[in-house]
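What follows is calculated from the coordinates using simple rules that are stated; it is not laboratory data. Computed from a predicted model, the values in this text were never measured in an experiment. Heads up, the Cβs are rebuilt from the backbone with ideal geometry, glycines too, and the neighbour counts pull from every protein chain shown.
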Amino acid sequence: MNYEKKGLGMAVFASHSALQLVLGGMEQGVRTALFGPEDRLELYRRFPALSCELVRYAGTETLDGLADEGFVLVPNGSVVEYVRPENLFRTKIKVFGSRALLGIEADQRRKMELLRKAGIPTPKEFSTPWLVDRPVIVKFPGARGGMDYEVTDDPQRISDLQIWALERRIVKGPSEVMIQEYLIGTTVYAHYFHSPIHNRTEITGFDIRYESDVDGLRRAPVSIAMRRSPTFTVVGNIPVFPRERLLETFLEYGERFVETVKREAGGKFAGPFCLECVVDSGLNVFAFEFSGRIVAGTNVYSVHGSPYLALYFGRPMTVGERVALELKTAAETGSLDEVLT
Amino acid sequence: MNYEKKGLGMAVFASHSALQLVLGGMEQGVRTALFGPEDRLELYRRFPALSCELVRYAGTETLDGLADEGFVLVPNGSVVEYVRPENLFRTKIKVFGSRALLGIEADQRRKMELLRKAGIPTPKEFSTPWLVDRPVIVKFPGARGGMDYEVTDDPQRISDLQIWALERRIVKGPSEVMIQEYLIGTTVYAHYFHSPIHNRTEITGFDIRYESDVDGLRRAPVSIAMRRSPTFTVVGNIPVFPRERLLETFLEYGERFVETVKREAGGKFAGPFCLECVVDSGLNVFAFEFSGRIVAGTNVYSVHGSPYLALYFGRPMTVGERVALELKTAAETGSLDEVLT
Amino acid sequence: MNYEKKGLGMAVFASHSALQLVLGGMEQGVRTALFGPEDRLELYRRFPALSCELVRYAGTETLDGLADEGFVLVPNGSVVEYVRPENLFRTKIKVFGSRALLGIEADQRRKMELLRKAGIPTPKEFSTPWLVDRPVIVKFPGARGGMDYEVTDDPQRISDLQIWALERRIVKGPSEVMIQEYLIGTTVYAHYFHSPIHNRTEITGFDIRYESDVDGLRRAPVSIAMRRSPTFTVVGNIPVFPRERLLETFLEYGERFVETVKREAGGKFAGPFCLECVVDSGLNVFAFEFSGRIVAGTNVYSVHGSPYLALYFGRPMTVGERVALELKTAAETGSLDEVLT
């Protein structure tokens, strides 16, 4: 690596939270390279105030080349989807955060197991449609943004969905389709940043996902809505500010998550992550998923910065800038090894 | 016009997005006059940090007078509703943006036709209730903020609504009542600013409308909600941050819209506009309406400014300030003719 | 009191809107003490940028001690719930705002009566389940954050809920359970600050409550949602920006409310309050509750500040800072008696 020669840089897949990361890097004086297929790069040429390199992605050798130029990979949801975790493991580029965790994240079973090991309450899972006795959400693997997820309490429908996923080669076996209890409550996506430099897990904010067509269907007259099954394609994110007393619970879950990742997935962890939660009417918090890297929900703080990060730094900061700050500080203090894998 | 004598000013109807425009003008050193009936002006006297003239509206001669004082009209939704497009065409005041487009906007048929000419996907329209084979939304003309819109798939009900609108003189013929396919998906209102000065169409942000009683009805128990038909009166706006990959689509639609307006409606266009969209579960984006001027959804960025405008100017900016900046720059560079009609 | 010796301070119960008040105090140079049970204080030790005293609450003598140290109580929803209004009246600590109003707020009947006396439209109330002829919401006393509220139009169910509340000792008699018309419309929580120093009632912003499980239930398939009755536990708050023309109505209601509080509840009032409103499809605004102190909905403006306060002060400001500013100004101008009770 040539961090010294050209200075450390952040390589980011050109989508998802790329704008936020470029702007955050600019704020901290850390250069950014966006990589992706040519048609994805086009968007970023339209914004004159953005300063970053644009690199056409032509396979993992592109990442190797970026590594040679002093870049480390800041993974987002799109890179996991587009480059695939197995390819990420083959490149020599260093990953900000945990390469191992990205692998676990891509496997629904191991993902939920990690949450349970952390002592974080999770929804019940069913091994077969025929044991289902309550509403469940049927989920398919990969970071496809909730596409094709379905809520039902009908075992036959679940079985049909398993067959559909097999036929479409979305899964290799029916057990890869997760049948997860659908908890009735409000979703809250809790964002975190773990800093090895400060040796602490910070809360960076919260959002609600805005999903199609579930969030549109509920506006249709009941007679029309009842004939359709909602789908959960993420279209955007809405800011939400949870009750202050819930911060205790969210913070505790975040810290337990980090401890467990360190114990179960390679000894170290750094950077942004997200616990996807449901809060029920008794204010109990359950995590139904996690993301071991920055999520697009942090985009609600773009440019203006998260007020939660002001609790640590005395001023609002975006998660993009938070990443750049940790990387810069690690480089300056010779601690890059603590934040890269 | 006396722009030189007193400096250019923005005349704004006292409602809708007036606060944002006054504050934006103050930021850029462009004076503002709010005009409207006396009872509407009262509100603006309550805010000591606002600096603007307040002018009682007494017919189109008020606008002529403002023109003499160096003001141009920055049209908002309320001016279209209150002064009526036909009167706007009779005054000598110059309009920031496109006077012709305001006329098209007021006519539902021409409005949707313009979107189709721009190659922007739109919902299907039905010429008569008796051809309806899916959920539709029945819409009445004028910028009445969604008041009395109704969703149904019952031809008889649509026919009854046409008769109701005729009797109330909301329309002159049944064909003025638009019967538009009601797409199931999430609404996203995309805001834009077209700058002849920079020769580009900027994305300025996004919001979701908060409507009564549809957004309340969905919170009622199903047994109660199913006995009522939702209504769509806009009560407010909620911030939303769409997925980054959707920005490509939104930007493309915005650019095509501007090209089409220039071609079909008088050769030039400047300023804010909005594409009212639905995003379905396949992430396809449809526009079901447009506004050829600033919409109240941009108020979600009041004072703090839109993070999207930071992508062009390096700092957040409100749409109100963006308007003032374009006007000021046009005046300074002798290009007012490019932004006024 | 020893305001002179150590300077005036704000004592705040460690929950609800405490972060906002501490940060607001820091901004204005007014010190803050957070008090509460030990396990509630822990959270605030996690945020290095917070500067405040943390005081373990051991009964009303803790408040007396804080009074001796120059602190006044800035009441929030948690202090009403945790310390109980009757205890608040026994301590010698001065209250920013109206001690009398906190008593009225805790009594559902007197609360609604105050709104009616102010000429603010309210939902109909029913004295007995057997007169109910429309959807109602059944409410229990105390600031329990909407917990256990239920919407129904079934008199038998209402009667059962009264018995349940009696058995659980939530109420002493069935009449303490309020049976309030459930208006169909969008909720808007309007936030205000009354300043005796400036002799004006300021609008400080708006939010929507995000409640469990009602806001989750509406995302479930209709067949599942129809089997459950929604509950209303507040989980968080979402920003909303009402139509500009509604500001007139909201401002008028706020001013009438303050006049009525002064007339009916001890002659003076200062500080934050909230009118909990429903806006129907005709844009009529009804208040179904009020809070005579800061509400957590103002947390949506944390750190960044409310754009509405910029209309008075020329820059965004949080309600936490607004409180500190009024207290500081009152102390500096010898007017503390006007803002404390």
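For C:LYS92, which aspartates and glutamates qualify as cross-link partners when the Cα separation must be under 18 Å and same-chain residues fewer than eight apart are set aside?
Cα-Cα hits under 18 Å: C:GLU4, C:GLU61, C:ASP64, C:ASP68, C:GLU69, C:ASP337, C:GLU338.
Would you mind ranking A:LEU251, B:LEU114 by Cβ crowding within 10 Å, fewest neighbours first?
Arranged by neighbour count, lowest to highest, A:LEU251, B:LEU114 become A:LEU251, B:LEU114.
Restricting attention to the stretch B:180-244, which trypsin sites (Lys or Arg not before Pro) occupy a DSSP loop and are surrounded by at most 12 other Cβ atoms within 10 Å?
Working: sites: B:ARG200, B:ARG209, B:ARG218, B:ARG219, B:ARG227, B:ARG228, B:ARG243; in loops: B:ARG218, B:ARG219, B:ARG227, B:ARG228, B:ARG243.
Hits after loop and neighbour filter: B:ARG227.
From the label point of C:GLU252, set 7 Å along Cα to the beta carbon, how far off in nm is each other copy's matching point, shortest first?
Ordered by increasing distance: 4.9, 4.9 nm.
Just want the answer: with Cβ charges of +1 for Lys and Arg and -1 for Asp and Glu, which residue in C:PHE273, B:PRO307, A:ASN284 is farthest toward the dipole's positive end in the protein assembly as shown?
My answer, from the dipole projection, is B:PRO307.
Between copies, how far apart are the C:ARG116 label points? List them in nm, one decimal, shortest first, with each point 7 Å from Cα toward Cβ, please?
5.6, 5.6
Sticking with the crude label model, points 7 Å out along Cα→Cβ, report the distance from A:ARG134 to C:LYS328 in nm, one decimal please.
5.1
Could you calculate, for the protein assembly as shown, the ratio of the Cα radius of gyration to the Kirkwood radius, expressed as Rg to Rh?
Values: Rg = 28.4 Å, Rh = 29.9 Å.
Ratio of gyration radius to Kirkwood radius for the protein assembly as shown: 0.95.
In whole Hz and in residue order, list the ³J(HN,Hα) couplings for the stretch A:160-174 that follow from phi through the Karplus curve 6.51 cos²θ - 1.76 cosθ + 1.60, θ = phi - 60°; x for Gly and Pro.
4, 5, 4, 5, 4, 5, 5, 4, 7, 6, 6, 10, 9, x, x
Could you list B:PHE286, B:PHE313 so that the one with the fewest beta carbons within 10 Å of its beta carbon is first and the one with the most is last?
Ranked by crowding around the Cβ, least crowded first: B:PHE313, B:PHE286.
Show the residues, 5+ positions off or on another chain, whose built amide H is closer than 5 Å to the amide H of B:GLU150.
B:VAL138
Find the relative contact order for the stretch C:152-262 and round it to a whole percent, using C-alpha pairs within less than 8 Å whose residues are 6+ positions apart.
Averaging sequence separation for qualifying contacts and normalising by length gives 20 percent for the stretch C:152-262.
Counting DSSP beta bridges in the protein assembly as shown, what percent are antiparallel, to the nearest 5? Mind showing how you got there, number by number?
Values: 126 of 165 bridges.
Roughly 75 percent of the DSSP beta bridges within the protein assembly as shown come out antiparallel.
Tell me, for the rotation carrying C onto B, which chain C residue has the beta-carbon closest to the axis and what that distance is in whole Å.
C:ARG218, 3
At a 10 Å Cβ-Cβ cut-off, how would you order C:ILE163, B:ILE238, B:ILE179, fewest neighbours first?
Lowest count first: C:ILE163, B:ILE238, B:ILE179.
Sequence neighbours fewer than 8 away in the same chain don't count; with that in mind, list the lysines whose C-alpha is under 17 Å from A:LYS6.
A:LYS94, A:LYS328
Pairs of alpha-carbon atoms within less than 8 angstrom and 6+ residues apart define the contacts here; what relative contact order does chain B have, in percent?
21
Residue-wise, which Karplus ³J(HN,Hα) couplings in Hz belong to the stretch A:97-112, taking 6.51 cos²θ - 1.76 cosθ + 1.60, θ = phi - 60°, and x for glycine or proline?
Residue by residue, the stretch A:97-112 yields x, 10, 4, 4, 5, 4, x, 5, 4, 7, 10, 3, 5, 5, 4, 5 Hz.
Would you please give the residues with an amide H less than 5 Å from that of B:ARG293, counting only those at least 5 places away or on a separate chain, with H modeled from the backbone geometry?
Long-range HN contacts for B:ARG293: B:CYS274.
Give a residue-ordered list of calculated ³J(HN,Hα) values for the stretch C:210-223 (Karplus: 6.51 cos²θ - 1.76 cosθ + 1.60, θ = phi - 60°; whole Hz; x for Gly, Pro).
After applying 6.51 cos²θ - 1.76 cosθ + 1.60, I find 9, 10, 10, 9, 4, 7, x, 4, 5, 8, 6, x, 3, 4 Hz.
Excluding same-chain residues fewer than 8 positions from C:LYS262, which lysines have a Cα within less than 17 Å of its Cα?
The reachable lysines, counting only those whose Cα sits under 17 Å from C:LYS262, are C:LYS111, C:LYS117.
Name the long-range amide H neighbours of A:VAL55: under 5 Å, sequence gap of 5 or more, or other chain; modelled H, no Pro or chain starts.
Residues meeting the amide H criterion: A:LEU34, A:PHE35, A:GLY36.
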